C-alpha cells in the first residue's frame, strides 16, 4: 500500500456531505463530553487521579460488556461499573499509595471480566470493538439523552462543590483543619468522575478515556497559572479534540479513538512547546 493509499484511507472526504448527518448525534455527544471532560479533568490533574481514570474505565468496560451480553443498555452497565469502581477507590484509597494499589488490583480484574463477557457475546463484532475504541455512529437518541442527563448532573454537582473542592485539592490538610469535609468531598468527586468516565466510554472507548479526561487539562496547565483560564482552555482543548476527532473520522476508515487521541496529543505537544519557549524567554531576560 502506497503512502497516498494510506492517506486516502485515513482522510477521505469524497462523500462528506452525506456522511456528516449520520454522526450528528455523535457530534453533539462529543461537544457535551468535551465540556464535561474539560471541567472534570482539571480536578483529576490537581488531585493526581490520572491513574484512577484508567482504573475506573476498566470497570466501566466490564459493566458495559456484561450489559451487552445480557441484552441490557450498555450505558446502564457502564455507569454501574464506573460507580462501583469509584466508590471502592474513594472509600478505600484515601492515601495515594493505597489508592494506586487498589486501582492496580481493579484494572486487570475489570479487563478480564470484560473480555470474558465479550468472548461469550455472539452479536456484531463492531459492538465488541466499539466498547474498547469507540464508535462514531453508535450514539442513538436514547444514548444522547443519557449523556445529556449525566453531563448536566455532573456539571451541576461540580458547580455546587467547586470552591471547597478546589481548596481541598490545593491543600487537603489545611482544608480539613478549617472544617472542610475533605473525606466526603473526595468520595463525591470520585462518583462524579465515575459518571464522567461512563459517559466518555460511549464515544472514545474504555481504553482511551485518558485522552478526554486527562490530556486536555494537562495541556492547559502547561500554558497558564490562572485557575479560570486553565479551566477555559481545558474545556476548549477537550471539545476540539473530541469534535475534531469525530469530524476527521467521518472520512476515514478507522475507529474514532485514533483521531481523538491524536488531536489531543498534538494540542498537548504544542502547549509543552509554548511552555518551553516561555521558560527560555524568561531565562534569557
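Does the range 211-218 contain at least one residue that is over 12 Å from the mean Cα position of the chain (by Cα), surrounded by fewer than 24 Cβ atoms within 10 Å (Cβ to Cβ), modelled with pLDDT of 80 or more and more than 20 Å from residue 24 (Cα to Cα)? Steps first, please.
Restricting attention to the range 211-218, the residues satisfying the condition of being over 12 Å from the mean Cα position of the chain (by Cα) are 218.
From what's left, surrounded by fewer than 24 Cβ atoms within 10 Å (Cβ to Cβ): 218.
With the extra rule that they be modelled with pLDDT of 80 or more, the set shrinks to 218.
In the following step, the residues that additionally are more than 20 Å from residue 24 (Cα to Cα) were identified as 218.
Looking through the range 211-218, at least one residue is over 12 Å from the mean Cα position of the chain (by Cα), surrounded by fewer than 24 Cβ atoms within 10 Å (Cβ to Cβ), modelled with pLDDT of 80 or more and more than 20 Å from residue 24 (Cα to Cα).
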statement: Apart from one, (1) modelled with pLDDT under 85; (2) within 13 Å of the chain's Cα centre (by Cα) all hold for residue 75; the odd one out is (2)
Index of the failed condition, residue 280 passing every other in (1) out of contact with any helix residue (DSSP H, G or I) (no Cβ under 8 Å at 6 or more places or on another chain); (2) within 21 Å of residue 48 (Cα to Cα); (3) part of a helix (DSSP H, G or I): (2)
task: Output the qualifying pairs, or none if there are none: Cβ atoms under 7 angstrom, residues six or more apart or on different chains, first residue in the range 40-52 and on the phi > 0 side of the Ramachandran plot, second residue at pLDDT below 85.
output: 48/96
query: Quick check, is residue 24 at pLDDT below 85 and under 30 Å from residue 230 (Cα atoms)?
result: yes
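Among the residues of the range 46-53, are any over 13 Å from the mean Cα position of the chain (by Cα) and in a helix (DSSP H, G or I)?
Step one: of the range 46-53, the residues over 13 Å from the mean Cα position of the chain (by Cα) are 46-48.
Keeping just the survivors that are in a helix (DSSP H, G or I) gives 46.
Within the range 46-53, one or more residues are over 13 Å from the mean Cα position of the chain (by Cα) and in a helix (DSSP H, G or I).
The values are calculated or read from the model by the stated rules, or taken from the named source; none is laboratory data. Keep in mind the model is a prediction, meaning the values are calculated, not measured. Neighbour counts run over all protein chains shown; Cβ positions are idealised from the backbone, glycine included.
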